[in-house]
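One structure below.
The values are calculated or read from the model by the stated rules, or taken from the named source; none is laboratory data. Keep in mind it's a predicted model, so treat the numbers as computed, not measured. Cβ sites come from the backbone with ideal geometry, for glycine too, and all protein chains shown count toward neighbours. Areas reflect the complete protein model, heavy atoms only, side chains present, ligands, DNA and RNA absent. Shrake-Rupley method; radii C 1.70, N 1.55, O 1.52, S 1.80 Å.
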Amino acid sequence: APNGAALLVSRFAEGVGFLMAVVSIPSLIARLARPADVKLAFALWGTYMPAGQALMLLASPTLLGLVGWRGLWLVNAALLALYAAPMWYATRRLAATTTEAPGRILRDLAATLRAPGPLVLAFAFGCYSLQYLTVIGFLPTILIEREGLSVATAGFLSALFPAGNVIGNLSGGMLLHAGARRWTLIAAASIVMGLCGVGIFSLALPLWPAYALALLFAVAGGMLPATVLGAVPVLAPAPRLVPATNGLLVQGSNLGQVIGPPAVGALAAATGGWETAPIVLAAAALGSLAAALVLRRLGRHV
């Protein structure tokens, strides 16, 4: 990019592509996976963000030294271009969905927003992403500024955080596959995340106990996206509304990401320390716990 404006425009285009992928892929999973494998398939899909974060946190120092930050983004672009070919090959025999008129699209959107299930799932996902992005966003800062670790050490420890989230995603999928209730997993993840959030930002705890709580936070939290994403085909008002429900979940996640870090940062700046951060995290944990209890009332299949 020759200037800042071009960089922002290209970043906007990248964001559009990201949304197109994360809204479309769950619908493809629902169509391609065998019924017995759907829960595990959605658990694997739920690892896309933490797995990518962990990989880039670990690989970035080496790649930055070899090709610089522009080269790092070009490597990402090349990986995506290579991914397009097997993606096309795997889906080439799928029948195309019917093109719908704008009026039908608006009616489907209204039907999705009127149904309680998609709204509750989006709210739970937003509460989760608020907590997750806040902790992973501020964890390197805490390790460097408060604990005095080097940038390299803080980067390595921070990379283990999303790796733990991947473990939680897969564990959640296996528990669902074994018959665990979705609302139970969401409630358990919410409680553990809320309690761990208090300890992570506490000045009373030494480095390693606080870091252990961060890893527990990541693992427990990983069960929530696997559970929420897997509930979309179940709670969508109709099969054709699965993509719209996925879109609503993504918007809930994005809203949580936008609210969380600025709210915690502003609160920390206003009070002069990180110890007030758990106020925001605990509120989000209570929100996702409340969503789990609402899901319980929606039916035994949840």
*May I ask you to give the percent of accessible area on the chain that is carbon plus sulfur, with a probe radius of 1.4 Å?*
73 percent
*Relative contact order computed over the stretch 220-302 (Cα-Cα under 8 Å; 6+ residues apart), in percent*: 19 percent
*Using the alpha-carbon centroid of each, what span in Å lies between the stretch 206-237 and the stretch 245-302?*
12 Å
*asked:* Compute a Gaussian network model of the chain, connecting alpha carbons closer than 10 Å, and tell me which residue from GLU275, GLU147, GLU14 fluctuates the most.
replied: GLU14
*asked:* Hydropathy at least -0.5 by Kyte-Doolittle, axial extent at least 15 angstrom from the Cα trace: which helices of the chain, defined as entire DSSP H runs, fit?
replied: 4-32, 48-91, 102-114, 116-141, 151-177, 182-200, 207-235, 242-271, 277-297
_Protection-proxy order for peptides 68-77, 283-292, 184-193, each taking the mean of Cβ atoms within 10 Å per residue, highest first_ = 184-193, 283-292, 68-77
*Go through GLY221, PHE138, LEU19 and say which Cα lies farthest out towards the positive end of the charge dipole of the chain; charges sit on Cβ, +1 for Lys and Arg, -1 for Asp and Glu.*
LEU19
